[in-house]
Amino acid sequence: MTTEVLQTETETRSDTDGMTRQYISFTIGAEIYAVKITMVREIKGWIPTTSLPNAPDYMRGVINLRGVIVPVFDMRTRFGRGRTEPGKTHVVIIVTLEERTIGILVDAVSDILTIAAEDILAVPDQDANPEYAFMEGLVSVNEKMIAIVKPRMLFDMNKIPDMDLTGNASDENTGDMARAAVA
């Protein structure tokens, strides 16, 4: 199952003359999160990954997406909630970050949300804890709190192999691992 996401204009004027933005919401357990729709390339049903040695615990492995090697990250593990045991209902949201493509494993995609900029609330300070730097803000939709996530802040982009279209890593330290994953 693959769902292509149309890259449409996601910032528009609302009836109250404020800016609105579109997000794709997803669940991890009972919690709801969202990412900007402009970051999403597509949504895929779960497929097994190829593990890479010495990868962070939240990196499930890599998949070959039409000739592009895509690292897949387990959001449940990244949020300190244990490891996901993927089943038929789990999906991988393919997002583009700083010229790189990654997949994030989530329980399910929920909805496409249109949110007015003024409805996005600031994240509580939490003593300036850097672990909360991945949150753009919070919004209440139908009496449910949704955390808006900035995926590029969740992962150390220097540790993600930068794959080219042939499946080879451009970093010589990760190249052998990536080539082995494709073979």
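Neighbour counts of other C-beta atoms within 10 Å: give me 36, 150 arranged from fewest to most.
On the way: 36 18, 150 15.
Ranking 36, 150 by Cβ neighbours within 10 Å, fewest first, gives 150, 36.
Please go through the residue pairs 36/144; 36/88; 88/150 and name each one whose alpha carbons sit more than 20 Å apart in this structure.
Distance filter (> 20 Å) returns 36/88; 88/150.
Listing 85, 118 from fewest to most neighbouring C-beta atoms within 10 Å gives 85, 118.
Computed from the alpha carbon atoms alone, the convex hull of the range 75-121 holds 131 Å³ per residue.
Kindly state, to the nearest 0.05, the FRET efficiency for residue 54 paired with residue 83, given R0 = 22 Å and r defined as their beta-carbon distance. Given R0 = 22 Å and the Cβ-Cβ separation, E is 0.80.
Once both labels are positioned 7 Å from their Cα atoms along Cα-to-Cβ, the gap between residue 98 and residue 27 label points is 3.3 nm.
Just so you know, all these numbers are worked out from the coordinates, no wet-lab data involved. Note that the structure is predicted; figures quoted are calculated from it, not measured. A quick note on method: Cβ atoms are made from the backbone with ideal geometry, for glycine too, and the neighbour counts reach across all protein chains shown.
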